[in-house]
Amino acid sequence: MKKTHLALIVFVNLIFYLPIIFSSLKFYDDDFIIFTYINNNPYSPIITDPSAQYFLFLRPLSYFSFWIDYTLFSDNYIAIKLISLTFHIFFIAVTYFILFRISRKFNLFTDRKIILLMCLILSIHLDSLMWISIINYRTELLMILFYSLSLLYFLKYIDTFKKSFIILTSFFFLLSVLSKQTGLHLPLVFLVFILYEYHSNKTTYFRDKGLVYFFIFSAIIIFLSTILNLYFHENQVSIFENLLKKPFTIFSIFIHTVIPLYSNYIHSFFITNKIYAVILFIIAFSIIILFFFFLKKKYRIKNDKIFLALALFTIILIPRIFAIGSQRLNSIILVWICISFLFIEKLISNRALIYSALFILLLFGSISFYVRTNEIIASNNFKEENFAKLSKFIDSRSGSTLVLCSDTYDVVPYKYQYYTKHNFGKSDKLISIPILYELLLVNYDVSLYKKVFINC
């Protein structure tokens, strides 16, 4: 059955993603800048400039991945996206094994068909679509892949206490951090689990030196990553502001994650109606507290376990709270929603209800995938066609001063170089400045995009 499920996962992902890979836009805005860095330093697999955009200096593994792509495939975007698809399928397979192991570890005995359905829903989630259709989102994909592998080998370690498994846990945690720092909290998740096991079964894992060394190693990695982020990107990391504002966005983040098709509208609504975000946060927090009191009363759960559950909930949300505003991929939250569903499913005795809910989610996910891919293809075709026209217009006005209004003004010289010279670089013919830089809530609406584009 396991092999059949994995084969089905591969088949579904190929069916859904191959058409979008062959029909989507070649490169998106950030891609031009990333590959310009590489084109300017073709023999350097790492970036040495701490001020490089998109935190690339602190994400050397992601940069190395882009460097390999460019070295092997140049600007063959299809080959590059096929590599991303391979990483994605591997991530879904790892998630399948994680869900199975957690189900067995906590005696949930979840039907493997339920695990399969969750993995299929995760496969076609619109966040997954983003990291396959947009090359620069490879950073998120690599992070969550190695994050999941670290989690998987930790689960194997606590079952067997094999030192090789804790070494692999450490190794994949390091690779995750070197891809993107969003998964820095993972050792804290492991610590919560160890405390849970101690309070439940009086199991003391710290007698094993390998685990002690892992936490020492992890503490060093967390400390260094935090210091480097604050030092090199002080202007982009606002701890106080995020702690003050971001917790109130938790409910909107959850809606965005569960209903991603309308995520941009949801985000725009809460940006312009902050009071509703606060009200919904209070309501959601109250519901969570009442839910835990219900579990305590019905299942006689001790206070320390409730406290650990709330601590785990907070730890998992830390990366999202500290993420910069423009980052709206939630792969870590998606994985933990799948894990949480295993425990929720255990509380529901009606199997038909569980399967019906999963099939509805899968159907909605499929429709969302179809709608979003068509929107992306239509929008991308329009952008590519009109930027080609814009390039010809710029060439025809040689010697004139042009004012370009764009929500991505800094990318224009790089795109112009690619469209006119057919290589990656920054054109010295164009200098763009943010004369008008406003939030354009396009929401993948092509007609609105055309209106904004033409007015600019």
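A Förster radius of 35 Å, combined with the Cβ-Cβ distance separating N273 from H199, puts the computed FRET efficiency at roughly 0.25. Expressed as a whole percentage, what fraction of the accessible surface of region 92-202 belongs to carbon and sulfur atoms when a 1.4 Å probe is rolled over the protein heavy atoms? Carbon with sulfur: 66 percent of the solvent-accessible area.
Peptides 281-287, 349-355, 84-90 ranked from most to least packed give 84-90, 281-287, 349-355, packing being the mean of other C-beta atoms within 10 angstrom over each peptide's residues. Of the trypsin sites (Lys or Arg not before Pro) in region 146-229, the ones in a loop by DSSP (not H, G, I, E or B) with at most 16 other beta carbons within 10 Å are K162, K202. If R0 is 45 Å, the Cβ-Cβ spacing of V371 and A7 corresponds to a FRET efficiency of close to 0.95. Among K2/K302; K81/K426; K105/K302; K180/K302; K113/K209, which pairs are too far apart, with a Cα-Cα distance over 28 Å? From K2/K302; K81/K426; K105/K302; K180/K302; K113/K209, over 28 Å: K2/K302; K180/K302; K113/K209. Between N39 and S74, the simple label model (points 7 Å from Cα in the Cβ direction) yields a spacing of 1.2 nm. The label point for D395 and the one for D111, both projected 7 Å from the Cα toward the Cβ, are 6.1 nm apart. Phi angles of region 347-352 translate, via the Karplus equation with coefficients 6.51, -1.76, 1.60 and θ = phi - 60°, into HN-Hα couplings of 7, 9, 7, 7, 5, 4 Hz per residue; Gly and Pro are given as x.
For region 31-81, chymotrypsin sites (Phe, Trp or Tyr not before Pro) are listed when DSSP marks them as loop and at most 14 other Cβ atoms sit within 10 Å of their Cβ; the list is Y43. Contact order, relative form, for region 123-188: 35 percent (alpha carbon pairs under 8 Å, 6 or more residues apart, mean separation divided by residue count).
Among the trypsin sites (Lys or Arg not before Pro) within region 1-71, those in coil by DSSP and having at most 16 neighbouring Cβ atoms inside 10 Å are K26.
Separation of region 145-203 and region 1-53, taken as the distance between their Cα centroids, equals 27 angstrom.
Taking each residue as 0.36 nm, the span from A388 to A311 lengthens on full extension beyond its C-alpha to C-alpha distance by 22.5 nm.
The values are calculated or read from the model by the stated rules, or taken from the named source; none is laboratory data. Quick caveat, the model's predicted, so the values are computed rather than measured. Quick reminder, even Gly has a Cβ in these numbers, built from the backbone with ideal geometry, and neighbours come from all protein chains shown. Accessible surface areas use protein heavy atoms only, side chains included; no ligands, DNA or RNA. Shrake-Rupley method; radii C 1.70, N 1.55, O 1.52, S 1.80 Å.
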